[in-house]
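Working notes for the structure below.
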Amino acid sequence: MGTVRTTSCNRDCPDTCALELHLDNAGRPVSLRGVRDDPITRGFLCERTSRFLARQQAPERFTTPMRRVDGRLVPIGWDAALELAASTLRRIRSESGPEAILHYRSGGSLGMLTALADVLFAHFGPVTGKSGDICSGAGEAAQEDDFGVCDSHDLSDLLNSRTIVVWGKNPHTSGVHLLPVLREAKANGATIVGVDPVRTRLAELCDAFVRPRPGGDHALAFGVARLLFERGATDPRGLAACAHVDGFRALAFEHDVDGWARRADVPVSDVERLARAFVERPTALLVGWGLGRRRNGSRTVRALDALAAISGNLGVPGGGASFYFQRRAAFDLDVFRALPDAPRKVREACFGPEVLALRDPPLRAAWITAGNPASMLPDSATVRRALSGLEFVVVVDTHPTDTTDVADLVLPTLTLLEDSDVLGAYGNHWVRESRPVLAPPLFPQDADVVDVASRAPRFAERFVGSPGPRHELEILQGLAARLGLSDVLSGSVDDWKRRLTASLGRSGAPLEALPARDPRRPKVLFADLVFATPSGKVELLHEAVDDAPATSADFPLLLTAVSTPAAQASQHSLPRDGRAPRVVVHPDASAGIADGGDGRLVSRLGALDVRVVHDPAARRDVALMEKGGMARDGGCPNDILPAVETDAGGGAAYYDEPVRLEPR
Ligand SMILES: Nc1nc2c(c(=O)[nH]1)N[C@H]1C(S)=C(S)[C@@H](COP(=O)(O)OP(=O)(O)OC[C@H]3O[C@@H](n4cnc5c(=O)[nH]c(N)nc54)[C@H](O)[C@@H]3O)O[C@H]1N2
Ligand SMILES: Nc1nc2c(c(=O)[nH]1)N[C@H]1C(S)=C(S)[C@@H](COP(=O)(O)OP(=O)(O)OC[C@H]3O[C@@H](n4cnc5c(=O)[nH]c(N)nc54)[C@H](O)[C@@H]3O)O[C@H]1N2
Ligand code: SF4
Ligand SMILES: [Mo]
């Protein structure tokens with residue numbers, strides 16, 4: 001009999017699972033599984049984390065700080081690394097001001113302690129920061145405009161729905177723990193309708209699956225709205241809770257249903273089917289992330305929100321327009337709120353070109369943590385060029401990336417199996433604690449990392465001061481001490497976990513009781529139909545603009561690089577084969593390239609070598625790829641996607657770029 005240790009997954013994923021690490025008699029890790037009696041995790045994990053042990057044990061894992069010398073990264077100890085970082089950052093600050101330094105953090109870990117980097121750099125500068133959010137920015141801005149807040153009905157509330165509309169979301173890949181809830185709802189008699197230009201596996205669960213042209217959702221939603229108005233199928237109580245009804249209605253009447261259907265490239269029967277979905281109440285609308293990754297992304301989400309509002313599906317059990325769960329709401333965020341704002345910000349979606357263009361002072365240094373912007377941000381080749389041109393780039397990561405390839409200093413940190421943190425989820429209302437279930441490399445692997453029975457010590461103090469990978473907080477504290485800012489982040493990992501969860505504890509869910517559902521989160525939002533907007537009502541969209549993407553004879557496909565089950569963004573669990581990435585297209589849209597043949601994908605920005613895969617079920621205007629390919633591994637789709645911001649919220653219009661295939 002081996003042993004089992006439990007922790008929580010810190011990846012950028014809606015689910016935040018309860019993980020079990022199984023070890024054999026010799027204490028060697030054997031497998032990762034989901035905790036069976038956890039109400040969210042239900043005993044299973046996604047593909048990428050089930051296979052995470054391969055990544056955990058990968059030979060290229062960073063095990064010591066490294067400095068670039070003559071183009072190569074060479075090991076240096078922690079003292080030298082932190083001295084170098086502190087002295088260089090201090091020098092640049094005194095010569096050029098704190099604006100010459102950028103702090104960038106992304107979704108490598110959703111742990112709240114990882115975010116403490118923001119605190120240190122605000123005190124040290126404040127330094128240049130980022131604005132917008134390429135992940136959920138467009139959708140969040142939409143819901144904040146419409147409802148005043150962006151939050152979701154309880155996950156279990158789907159069991160109260162008669163109809164569930166899953167719009168622009170692919171749970172089989174991007175949030176697998178939604179699936180058991182959908183299946184249960186369906187078994188209870190709920191109808192499920194999916195909307196996606198790509199026929200994803202979700203279609204298997206759906207009673208109807210609508211496939212508009214990419215970015216056609218805005219037109220589709222207005223077609224549905226027009227039908228609801230025309231047929232008197234709107235809900236009086238729902239309408240009474242809305243502002244700008246006339247303006248929204250006028251927009252819906254700009255075209256007839258036929259015209260909207262044509263614009264969305266769907267048959268009128270699909271518009272009718274969707275209208276019925278909102279009438280057969282209560283209807284839960286689940287808004288996916290795919291919609292927001294377009295120039296008209298925020299507007300599109302607003303058009304969907306409006307459908308939920310006018311059809312009377314807000315404020316009722318089984319209803320709602322759920323996009324994102326406020327994962328930080330459970331925590332005491334005073335330490336973040338009190339911070340001075342950054343003196344200037346680089347728009348995240350336009351990172352490469354904007355960093356290159358910064359003047360007075362130009363950017364000289366960057367501290368990058370929990371992110372791989374050199375692969376994951378649009379126009380990634382320019383991101384790499386911009387970072388390469390800086391004097392000093394520090395990257396805190398676990399494994400090599402395109403970003404560490406341009407770093408001057410790499411600081412190794414802990415993986416999700418070694419980490420210790422507190423976590424909220426963006427796909428449910430649960431709050432969790434992560435605890436180390438494995439020692440980081442360079443530690444004696446037989447060290448009893450966690451006493452599972454007593455759950456103590458919470459964070460093995462003997463890790464502190466080690467030569468191997470370090471906790472993000474320890475790295476920051478090491479830097480803070482050398483910057484003369486020791487007070488800013490003082491306290492142990494444990495102290496910080498308690499500090500951030502203090503009010504949660506007072507509400508009945510102390511650290512010891514985690515995981516727990518945040519007892520303060522309502523199950524149904526806006527039950528009184530009062531909204532946190534200036535009018536107290538739903539602010540319906542009422543200005544006419546539509547900037548839907550267009551293809552042309554020259555560029556007939558829209559490059560859609562989406563999540564793959566095999567990876568978390570650029571973090572592949574299994575080693576890559578170094579071959580060109582795959583692109584899936586309809587055989588008629590393959591430029592004559594055979595199934596499995598080599599091609600080149602060309603945009604106005606550049607070209608990318610690809611392997612072509614035929615799919616007769618694909619739309620003829622979509623080139624489907626996996627997001628997260630790295631230049632160092634054979635090709636990065638973001639190299640040919642330009643840096644374009646969404647209409648609101650500072651998202652990135654990742655899916656709007658027209659491309660063509662050419663033989664190679
Ligand atoms: N396996 C895996 N899971 C992940 C991630 C990962 O990298 N790998 N990433 C995580 C992250 S960072 C996030 S933000 C979340 C969400 O990350 P995503 O995986 O982006 O989430 P989805 O909501 O599934 O959105 C993608 C879906 O939107 C569809 N779509 C694209 N364009 C349109 C359109 O114009 N209209 C409509 N209706 N649909 C469209 C795509 O075809 C796809 O099915 O998932 C997380 N989950
Ligand atoms: N074309 C295209 N591009 C996209 C998207 C898309 O749909 N299409 N999706 C976008 C979205 S939604 C997102 S959120 C971004 C994701 O962009 P990123 O967040 O930059 O993505 P990752 O590749 O996951 O990079 C995270 C890095 O953090 C490291 N890491 C892991 N754990 C830790 C830790 O505990 N501490 C630290 N410091 N580092 C750690 C990982 O090794 C990895 O290198 O990508 C965006 N890019
Ligand atoms: S990545 Fe998501 S689905 Fe996979 S184990 Fe982590 S939280 Fe669960
Ligand atoms: Mo994301």
Discussion item. I'm told Gly505 meets every condition in (1) in a loop (DSSP other than H, G, I, E, B); (2) at pLDDT below 95 except one. Can you identify the failing condition by its number?
Written reply: (1)
Worksheet item: Which members of segment 525-550 meet the condition of being buried (at least 17 other Cβ atoms within 10 Å of the Cβ) and modelled with pLDDT of 95 or more?
Response: Leu525, Phe526, Leu529, Phe531, Lys537, Val538, Glu539, Leu540, Leu541
Discussion item. Looking for something surrounded by 22 or more Cβ atoms within 10 Å (Cβ to Cβ), of a type outside the set (Phe, Trp, Tyr), touching a Cys at 6+ places or on another chain (Cβ under 9 Å) and modelled with pLDDT of 95 or more - is there at least one such residue anywhere in segment 125-139?
Written reply: yes
Response to the item:
Listed by first then second residue, the pairs whose first member lies in segment 326-340 and is more than 17 Å from Gln143 (Cα to Cα) and touching a residue at least 24 places away in the same chain (Cβ under 8 Å), whose partner is part of a loop (DSSP other than H, G, I, E, B) and not hydroxyl-bearing (Ser, Thr, Tyr), with beta carbons under 6 Å and at least 6 positions apart or on separate chains, are Ala330/Asp518; Phe331/Met112; Pro340/Pro126
Discussion item. Quick check on my filter: what residues within segment 146-169 are surrounded by fewer than 21 Cβ atoms within 10 Å (Cβ to Cβ) and more than 12 Å from Gly320 (Cβ to Cβ)?
Written reply: Gly148, Val149, Ser156, Leu159, Arg162
Item to complete: Being aliphatic (A, V, I, L, M) and part of a loop (DSSP other than H, G, I, E, B) is the filter; apply it to segment 29-62 and report the residue that is nearest to ligand 3 (Cβ to nearest atom).
Response: Leu45
Item to complete: Keeping to segment 49-61, report how many residues are farther than 15 Å from Ala439 by Cβ, in contact (Cβ under 8 Å) with a residue 24 or more places away in the chain and over 22 Å from the mean Cα position of the chain (by Cα).
Response: 3
Worksheet, complete the sentence: By my count, helices (runs of 4 or more DSSP H) wholly in segment 234-330 with at least 2 residues that are crowded, with 19+ Cβ neighbours inside 10 Å and of a type in the set (S, T, N, Q) are 297-310
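Could you tell me whether Gly194 is free of Cβ contacts under 8 Å to residues at least 60 places away in the same chain, within 16 Å of ligand 1 (Cβ to nearest atom) and surrounded by 24 or more Cβ atoms within 10 Å (Cβ to Cβ)? Give the derivation first.
Details: free of Cβ contacts under 8 Å to residues at least 60 places away in the same chain: yes; within 16 Å of ligand 1 (Cβ to nearest atom): yes; surrounded by 24 or more Cβ atoms within 10 Å (Cβ to Cβ): yes.
Answer is yes for this residue.
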Fill in: Evaluation of Lys169 against (1) within 21 Å of Cys17 (Cβ to Cβ); (2) outside any helix (DSSP H, G or I); (3) of a type outside the set (S, T, N, Q); (4) more than 16 Å from ligand 4 (Cβ to nearest atom) (one fails), failing number
(4)
Item to complete: Please identify the pairs in which a residue from segment 282-303 that is touching a residue at least 12 places away in the same chain (Cβ under 8 Å) and within 18 Å of Cys242 (Cβ to Cβ) has its Cβ atom under 8 Å from the Cβ atom of a residue that is within 16 Å of ligand 4 (Cβ to nearest atom) and of a type in the set (Phe, Trp, Tyr), counting only partners at least 6 apart or on another chain.
Response: Val287/Phe323; Val301/Phe323
Item to complete: Could you list all residues from segment 566-594 that are part of a loop (DSSP other than H, G, I, E, B), within 14 Å of ligand 2 (Cβ to nearest atom), of a type outside the set (A, V, I, L, M) and over 18 Å from Ala607 (Cβ atoms)?
Response: Ser570, Ser573, Arg576
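The values are calculated or read from the model by the stated rules, or taken from the named source; none is laboratory data. Just so it is clear, the model here is predicted, and its values are computed rather than measured. Counting neighbours? That spans all protein chains shown, and the Cβs are built from the backbone with ideal geometry, glycine included.
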